[in-house]
Amino acid sequence: MSKRASAKYKIDRRMGENIWGRPKSPVNRRQYGPGQHGQRRKGKVSDFGVQLRAKQKLKGYYGDVSEKQFRKIYEEAARRRGDTSENLIGLLESRLDAVVYRSKFVATIFAARQFVNHGHVNVNGRRTNIQSYVCKPGDVVEVRPKSKQLTIVLESIQLAERDVPEYIEVDHQKMVATYQRVPGLHDVPYPVQMEPNLVVEFYSR
């Protein structure tokens, strides 16, 4: 099972945004935070607060990964050549759970983490159950034969609420996806604005 500290819709409520663009999100009805103080008028947010919120939103979007793991991804992004914020997005989108989610094999990023964790996926013909496995361009991700008839898979590929991005090539008949290239920020179909530059500022303070 993938570990999750808070319900996914609580993240939406906390952010005040429908960060996955899902029709059932409570933010579609109530655009204020959870709890008895959720409707309080918000004061001016400091630079630190803005950066922290950007980090929480991006971290939450990818299944509320642990702080330790997220920081490790940031450090790898900073170590690589080029723009750190673009590298950060590229690394997050290269995670196996993100590729499974983008390929529409499951409906949510949380389901993708669980799906991988339970061993329903092959990468280049080998069973892989590590959510954070980093896919490389050209890697072939396939739903294992015994898992292709699972209801969650069959229902997910029919969902009209999101499309498969162009950096992943998918054959839903065979349930096979090829990770074509590492995307940049503008390639990723986020339903809300993500600000990885603020995440970089947060960690580089």
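Count, please, the residues in region 168-182 that happen to be open to solvent by less than 80 Å² (accessible area, probe 1.4 Å), of a type outside the set (Asp, Glu) and at negative phi.
Just the residues of region 168-182 that are open to solvent by less than 80 Å² (accessible area, probe 1.4 Å), to begin with: 168, 170-172, 175-179, 182.
With of a type outside the set (Asp, Glu) added as a condition, the list becomes 168, 170, 172, 175-179, 182.
Now narrow it down to the ones that are at negative phi: 168, 170, 172, 176-179, 182.
Residues that pass the stated criteria total 8.
Six or more apart or on different chains, Cβ under 6 Å: which pairs go from a residue in region 60-86 that's on the phi > 0 side of the Ramachandran plot to one that's open to solvent by less than 20 Å² (accessible area, probe 1.4 Å) and assigned to a helix (DSSP H, G or I)? Could you list them?
The qualifying pairs are 63/109; 63/110; 63/113.
Being hydrophobic (A, V, I, L, M, F, W, C), closer than 23 Å to residue 73 by Cα and either open to solvent by 40 Å² or more (accessible area, probe 1.4 Å) or not in a loop (DSSP other than H, G, I, E, B) (or both) is the filter here, so list the residues in region 128-167 that pass it.
First, pick out the residues of region 128-167 that are hydrophobic (A, V, I, L, M, F, W, C): 130, 134-135, 140-141, 143, 150, 152-154, 157, 159-160, 164.
Pick out the ones that are also closer than 23 Å to residue 73 by Cα and you get 130, 134-135, 140-141.
Those that are hydrophobic (A, V, I, L, M, F, W, C), closer than 23 Å to residue 73 by Cα and either open to solvent by 40 Å² or more (accessible area, probe 1.4 Å) or not in a loop (DSSP other than H, G, I, E, B) (or both): 130, 134, 140, 141.
Of the conditions (1) within 16 Å of the chain's Cα centre (by Cα); (2) surrounded by fewer than 17 Cβ atoms within 10 Å (Cβ to Cβ); (3) at pLDDT 95 or above, residue 125 satisfies every one except a single condition; which number is it?
(1)
Given the options 164, 188, name the one that is modelled with pLDDT of 95 or more, closer than 17 Å to residue 97 by Cβ and touching a Phe, Trp or Tyr at 6+ places or on another chain (Cβ under 9 Å).
Working: 164 fails: touching a Phe, Trp or Tyr at 6+ places or on another chain (Cβ under 9 Å).
On inspection, the qualifying residue turns out to be 188.
Which is of a type in the set (A, V, I, L, M), modelled with pLDDT of 95 or more, in a loop (DSSP other than H, G, I, E, B) and under 16 Å from residue 73 (Cβ atoms), of 199, 182? Full working, then the answer.
Details: 199 fails: in a loop (DSSP other than H, G, I, E, B).
After ruling out the rest, the residue left standing is 182.
Which residue is nearest to residue 187 (Cα to Cα), if the candidates are limited to region 65-86 and must be of a type outside the set (Val, Ile, Thr) and open to solvent by less than 30 Å² (accessible area, probe 1.4 Å)?
Going through region 65-86, the residues of a type outside the set (Val, Ile, Thr) turn out to be 66-72, 74-83, 85-86.
From the residues that got through so far, the ones that are open to solvent by less than 30 Å² (accessible area, probe 1.4 Å) too are 70, 74, 77, 85.
Numbers: 70: 21, 74: 19, 77: 17, 85: 13 Å.
Within region 65-86, the match that is nearest to residue 187 (Cα to Cα) is 85.
Are any of the residues in region 136-148 among the aliphatic types (A, V, I, L, M) and in contact (Cβ under 8 Å) with a residue 40 or more places away in the chain?
Step one: of region 136-148, the residues among the aliphatic types (A, V, I, L, M) are 140-141, 143.
Applying the additional criterion that residues be in contact (Cβ under 8 Å) with a residue 40 or more places away in the chain yields 141.
Taking every residue of region 136-148 in turn, at least one turns out to be among the aliphatic types (A, V, I, L, M) and in contact (Cβ under 8 Å) with a residue 40 or more places away in the chain.
Being in a loop (DSSP other than H, G, I, E, B), surrounded by fewer than 24 Cβ atoms within 10 Å (Cβ to Cβ), in contact with a helix residue (DSSP H, G or I) (Cβ under 6 Å, 6 or more places away or on another chain) and touching a residue at least 60 places away in the same chain (Cβ under 8 Å) is the filter here, so list the residues in region 87-110 that pass it. Step through it out loud before you land on a result.
Here is the first cut: in region 87-110, the ones in a loop (DSSP other than H, G, I, E, B) are 103-108.
Now restrict to residues that are surrounded by fewer than 24 Cβ atoms within 10 Å (Cβ to Cβ): 104, 107-108.
This time we only want the ones that are in contact with a helix residue (DSSP H, G or I) (Cβ under 6 Å, 6 or more places away or on another chain), so: 104, 107.
Matches in region 87-110: 104 only.
The values are calculated or read from the model by the stated rules, or taken from the named source; none is laboratory data. Since the model is a prediction, treat every value here as computed from it, not as a measurement. In this analysis, Cβ positions are derived from the backbone assuming ideal geometry, glycine residues included, and neighbour counts consider all displayed protein chains. Remember, those area values only see protein heavy atoms, side chains included, never the ligands or the DNA or RNA. Shrake-Rupley method; radii C 1.70, N 1.55, O 1.52, S 1.80 Å.
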